[in-house]
Structures are given as structure tokens and as C-alpha cells.
Amino acid sequence: MRCLRSGLCALGLLFASTAVAQTLPAPAEFYFDDDARTTAPVVAIAGDDDQTHARLMQLIDRKARNADQARAQLAQALMRSGREETGRALYAQALTALAPRVPLRSTVHWNYGWDLYRTGHHQDALDQWRQALEGRLVRPSWAPPTLALALWSTDRRDEAVRWYAAAVRTEPTLWNDPARYPTLLPDWTPAERATLAEVFAAWRAAPPAWP
């Protein structure tokens, strides 16, 4: 797929810088909320081929009602095909267009975080996941393992263990054995599950007290 718009490609350079390390809230005691809306894919049009991408661009150009979903879906396709700078710029446009409290905003932060993590930008991913959690009343079940993964990957290991401990407090029979990770985390890669197993080992060696 050729560069989508010359202006958009130029914006890619602007949004390629890494995020400044942000302070996370302290882990809560429990995280029982499912929060399935946040962890869902962003899909304006089903598909992932050139024709679908062209239709997404049409929705964006026409300022259609689902243009924000189209931006996020196309941004993900771009990042996964190696067009990282343009994908980042399109994600940034989607987030700029979304009001602070609309549900889609958390979903975009969640998906953007994974695209960043999987391109090796672990600190940037952590910042996106922090924003997906920030200012919300729910205690989503995705938060402890996901933030533990990102914190461990950015060498904030004591914090990672504290977040993993929140997962164990919430569901002790689920998170006390890495053999369950393929069932609990089916969308994670084997390498990501292996990293979380390192967090588990550190937690088991010295489980932090609560609070």
C-alpha cells in the first residue's frame, strides 16, 4: 500500500518520538471488571486487504460517523505492515478527534499499546495502557497482567511484581501457574507469555504484602 497522504506521512515523523515515563496509580486490591469493550479490536469495516484499506480511507476523507474507528483500524494495519511512522500519526489523529470520556478512546489506547509493544516500544506501550486505565471507575481484569508485562519490559521490575500480585489477589487459582497462560492470554505471543512468567517467578520468590 502506497503512502496514504503526503501530509499524513509527514506527520509520522512528528509522532515517532518515545513517550516520557509516566507515573502509574498504585495497584488496587482487586481487578474483577471484565471491560470487554476496551480489549476488543477496533473494526469499522471487516477485512485487512488493500480494498478494505481503501474503503477505510474513504470513510476518513468523507468524515463519516465511524471515521475515528476507520483511522484506528487503518493505523493498526499500517503499523503491522511496517509503516510505523504513518501508523503512529494516524493513531494520534484518532485520539485527538475523540473526546476524553468516550468508550472508544480506551479501546484505541489498548490497541495502540499492543502495536507499540510489538514493535519494541515498550515504554510507549505502557503509556498507552496507562491512559486506557486512567480516570475510570472500573478495575479491569486486563490491567494487572498487561501492566506487569510492560513494567517488566521497561525494567520497572518491583512495580511489575506489585501489579502481578494484584492479579493473584483477584484470581489466585488462575494466576499462580504459568501453564494457564495460553488459556488466560490467548492473544499474547509465546514470547510475551514467557516474559510474564519471569514476573511470576519474581512474585513467587518474594510476594509483596498488601497493602
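Has region 2-19 got any residue that is modelled with pLDDT of 95 or more and not in a loop (DSSP other than H, G, I, E, B)? Scanning region 2-19 turns up no residue that is modelled with pLDDT of 95 or more and not in a loop (DSSP other than H, G, I, E, B). State which residue is farthest from the chain's Cα centre (by Cα) when the search covers only region 78-120 and only residues that are small (Gly, Ala, Ser) and assigned to a helix (DSSP H, G or I). The extreme case among them is ALA97. Being touching a His at 6+ places or on another chain (Cβ under 7 Å) and not assigned by TED's automatic domain parsing to the domain that holds ASP187, is that true of even one residue in region 93-103? Among the residues of region 93-103, not one is touching a His at 6+ places or on another chain (Cβ under 7 Å) and not assigned by TED's automatic domain parsing to the domain that holds ASP187, which makes the answer no. Do we find a residue being touching a helix residue (DSSP H, G or I) at 6+ places or on another chain (Cβ under 8 Å) and among the acidic types (Asp, Glu) anywhere in region 108-118? Yes: one or more hits. Looking across region 92-147, the residues that are without any contact (Cβ under 8 Å) to a residue 40 or more places away in the chain, hydrophobic (A, V, I, L, M, F, W, C) and closer than 18 Å to THR189 by Cβ come down to TRP114, LEU116, ALA125, TRP129.
For region 68-92, a residue qualifies if it is hydrophobic (A, V, I, L, M, F, W, C), out of contact with any His (no Cβ under 7 Å at 6 or more places or on another chain) and surrounded by fewer than 23 Cβ atoms within 10 Å (Cβ to Cβ), and exactly one does: ALA92. For region 23-36, the criterion of being modelled with pLDDT under 95, part of a helix (DSSP H, G or I) and either at negative phi or not assigned by TED's automatic domain parsing to the domain that holds SER106 (or both) is met by none of the residues.
Yes or no, residue by residue, for (1) basic (Lys, Arg); (2) touching a Phe, Trp or Tyr at 6+ places or on another chain (Cβ under 9 Å); (3) not assigned by TED's automatic domain parsing to the domain that holds ALA67:
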position: GLU85; (1), (2), (3): no, yes, no
position: LEU126; (1), (2), (3): no, yes, no
position: LEU151; (1), (2), (3): no, yes, yes
position: ASP158; (1), (2), (3): no, no, yes
position: TYR164; (1), (2), (3): no, yes, yes
position: ARG169; (1), (2), (3): yes, yes, yes
position: ALA179; (1), (2), (3): no, no, yes
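The values are calculated or read from the model by the stated rules, or taken from the named source; none is laboratory data. On a predicted model such as this, the values are computed, not experimentally measured, just so you know. Virtual Cβ from ideal backbone geometry, glycine too; neighbours counted across all protein chains shown.
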